[in-house]
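Asks: Here you go, one structure.
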Amino acid sequence: QVHLVESGGGLVQTGGSLRLSCAASGFIFSIYSMGWYRQAPGKQRELVAAIGIGGSTNYADSVKGRFTISRDNAKNTVYLQMNTLNAEDTAVYYCNALRQSRPYYSWGQGTQVNVSS
């Protein structure tokens, strides 16, 4: 029973910060790359950040320099530190394991991030 539970979203002002957490269970967390996705209303879900099993990271151009993905294998948790938020970051954020750069498990509930101006 794989579970992906995102938390930490909320309402912030433009320029503010949030730290998202994704608690994973039901699979061997440490041997999977993990990613954060987001989906804005009317838009396709997009991968914004990924972290490999060795700690290498990749970011979408839209968030590069502002977001930092990290993981704590002892806690089966992946984080997304989001800084300098802007309206374009408003979305529901999801995490997932990555297999060949694609989401591997069923989606969790996501966590809503609203950035107000």
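The values are calculated or read from the model by the stated rules, or taken from the named source; none is laboratory data. As the structure is a prediction and not an experimental result, all values here were calculated from the model. We place every Cβ from the backbone using ideal geometry, glycine too, and count neighbours over all the protein chains shown. These area figures cover heavy atoms from the full protein model, side chains too; ligands, DNA and RNA do not enter into them. Shrake-Rupley method; radii C 1.70, N 1.55, O 1.52, S 1.80 Å.
Asks: If you go through region 14-32, how many residues are open to solvent by less than 70 Å² (accessible area, probe 1.4 Å) and among the charged types (D, E, K, R)?
Replies: 0
Asks: Kindly evaluate Gly35 against the criterion of being over 11 Å from the mean Cα position of the chain (by Cα) and either surrounded by 20 or more Cβ atoms within 10 Å (Cβ to Cβ) or small (Gly, Ala, Ser) (or both).
Replies: In short, no.
Asks: Right, next: Can you name the condition, by its number, that Leu11 falls short on among (1) in contact (Cβ under 8 Å) with a residue 40 or more places away in the chain; (2) assigned to a strand (DSSP E or B); (3) aliphatic (A, V, I, L, M); (4) surrounded by 15 or more Cβ atoms within 10 Å (Cβ to Cβ)?
Replies: Failed condition: (4).
Asks: Continuing with the same structure: Those residues that are open to solvent by 40 Å² or more (accessible area, probe 1.4 Å), aliphatic (A, V, I, L, M) and in contact with a helix residue (DSSP H, G or I) (Cβ under 8 Å, 6 or more places away or on another chain), I need them from region 52-99; list them, please.
Replies: Result: Ile53, single match.
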